[in-house]
Amino acid sequence: GINDVFKLTLAAPFEFRIVIFNRWGELLFESTDCYFKWNGTYRGSDAQDGTYVYLISGKYNRKGTITLLR
């Protein structure tokens, strides 16, 4: 029940795009909704435990990693 989804906490909506890749560069998730929620799935199945890269573009540009543990 804690940290079940990856999401941003925003004060106000803005133009936005996020992409999440696995370590081989395969696109797992993409959204232009700044209120997105990624639940760690890919093609309807749970993604493997591991580290994933995210890139955010729009008003703010950010990149980082997500560690997925089940």
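The values are calculated or read from the model by the stated rules, or taken from the named source; none is laboratory data. On a predicted model such as this, the values are computed, not experimentally measured, just so you know. Glycine also receives a Cβ, built like all others from the backbone with ideal geometry; neighbour counts cover every protein chain displayed. Note: areas computed on protein heavy atoms with side chains; ligands, DNA, RNA excluded. Shrake-Rupley method; radii C 1.70, N 1.55, O 1.52, S 1.80 Å.
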Worksheet, complete the sentence: Per residue, accessible area of the chain with a 1.4 Å probe, heavy atoms of protein chains only, in Å², comes to 74
Item to complete: Could you tally the net charge around Gly40, taking each other residue with its Cβ under 11 Å from the Cβ of Gly40, Lys/Arg +1 and Asp/Glu -1?
Response: -1
Worksheet item: For all pairs of alpha-carbon atoms in the chain, what percent lies in each bin of width 5 Å, listed from the first bin to the last filled one?
Response: 3, 15, 30, 26, 16, 8, 2
Item to complete: List the chymotrypsin sites (Phe, Trp or Tyr not before Pro) within the chain that fall in a DSSP loop (any state other than H, G, I, E or B) and whose Cβ has at most 11 other Cβ atoms within 10 Å.
Response: Phe14, Trp24, Tyr35, Tyr60
Response to the item:
The answer for the net charge of residues other than Ser57 whose Cβ lies under 12 angstrom from its Cβ, with Lys and Arg +1 and Asp and Glu -1, is +2
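Using a 1.4 angstrom probe on heavy atoms only, work out the carbon and sulfur share of the accessible area of the range 23-70 in %. Mind showing how you got there, number by number?
On the way: 1720 of 3630 Å².
Ligands and nucleic acids excluded, carbon and sulfur give 47 percent.
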Worksheet item: Can you list residues whose amide H is under 5 Å from Leu28's amide H, if they're 5+ apart or on another chain and H is modeled 1.01 Å from N?
Response: Ile20, Phe21, Asn22
Worksheet item: GluC sites (Glu not before Pro), restricted to the chain: which are DSSP loop and have at most 11 other Cβ atoms within 10 Å?
Response: Glu15, Glu26
